[in-house]
Amino acid sequence: MKIRKCIIITDYETKLNSSIQDYIKKIPFLEIIKICSDYIEAMQILGEEKISLIFLEINNADNPGFILLKTFPNLPPAIAIAHSEEFAVQCYELGNVCDYLVKPFLFERFLLAVNRSLTLRIAGSAGIQEEDFIFLKAGRKTQKFIPSSIDFVEAYGIYSKIWSNGQMSLVNQSILYLSEALNNDIHIRVHKSYIVNISRITSFNHQFIWLGQTKIPIGVSFRTRIKGILPHFNKSDMRLEDDIENLIP
């Protein structure tokens, strides 16, 4: 497993809340390299180490995290952490901030932010950075998945079944969580209980999608979105299929 180095930038005298550090330690592929109290120290670390992720604790407009966002080009993905939504717009406008967390928050929300940040494409002068994996809780383990290899996701109560290459994995995350965490260029939610890999679709009509021999229903409320992705998914096709189905004895 490749270890992703991260740094924390905070101007609190007591440093970052210990619960946040505990969350980071729960993720086996993250390693805290340094907790920085000012942006000069952070810039030095960024110049010396290959950092994959930055955690910024935002407390005020003069925060070292803000200064770093304004002055340091081509930053790695960053997650802002604050006590309110006051600085959210500013953080996103400065770029490179992939998610904004308002305390308090659960570990699942924290893990979602990490996954978003490491899978997000960041275009800059150095080109495009892309990480093609996602980590999810599966029982007591944190398991690695390659999004492009996920055929479809099926809701299973508050959990989800992930089907990949004919194998099923039960993960602790809900389908709502996964619909946000998975790349929308690869997957599409077609039903309240299903997310499918677009490239795995072999045929479809206005009621069902087939992934080989697997038949998945299309929810009525999801049809409008599907029209913009699947060719020929329109009203005339629906009427034609209805007429054909009515002719079958």
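If only residues of the stretch 5-30 that are modelled with pLDDT under 80 and of a type in the set (D, E, K, R) are counted, the one that is surrounded by the most Cβ atoms within 10 Å (Cβ to Cβ) is Asp11.
For Ala80, state whether it is under 22 Å from the mean Cα position of the chain (by Cα) and closer than 21 Å to Ile45 by Cα. It is true that Ala80 is under 22 Å from the mean Cα position of the chain (by Cα) and closer than 21 Å to Ile45 by Cα.
Here is the figure for the stretch 51-73: residues that are of a type in the set (D, E, K, R), under 12 Å from Cys36 (Cβ atoms) and in a loop (DSSP other than H, G, I, E, B) total 0. For the stretch 207-219, the criterion of being surrounded by 15 or more Cβ atoms within 10 Å (Cβ to Cβ) and of a type in the set (D, E, K, R) is met by no residue. Test Ser236 against the stated conditions and say whether it is modelled with pLDDT of 75 or more and in a helix (DSSP H, G or I). No: the conditions fail for Ser236. Picking from residues in the stretch 137-152 that are within 14 Å of the chain's Cα centre (by Cα) and of a type outside the set (Val, Ile, Thr), the one that is farthest from Phe107 (Cα to Cα) is Ser148.
Per this entry, Ser169 is not counted among residues that are of a type in the set (S, T, N, Q), part of a helix (DSSP H, G or I) and either modelled with pLDDT under 90 or under 20 Å from the mean Cα position of the chain (by Cα) (or both).
In the set Ile150, Ile146, Ile216, Ile162, only one residue is outside the structural domain of Glu108 (by TED's automatic domain parsing), over 15 Å from Ile134 (Cα atoms) and modelled with pLDDT of 75 or more; that residue is Ile216.
Going residue by residue through the stretch 84-93, is there one that turns out to be under 14 Å from the mean Cα position of the chain (by Cα), at pLDDT 85 or above and more than 25 Å from Ile201 (Cα to Cα)? No, the stretch 84-93 contains no residue that is under 14 Å from the mean Cα position of the chain (by Cα), at pLDDT 85 or above and more than 25 Å from Ile201 (Cα to Cα).
The values are calculated or read from the model by the stated rules, or taken from the named source; none is laboratory data. None of these values were measured; they are calculated from a predicted model. FYI the Cβ positions are ideal-geometry reconstructions off the backbone, even for glycines, and counts take in every protein chain you see.
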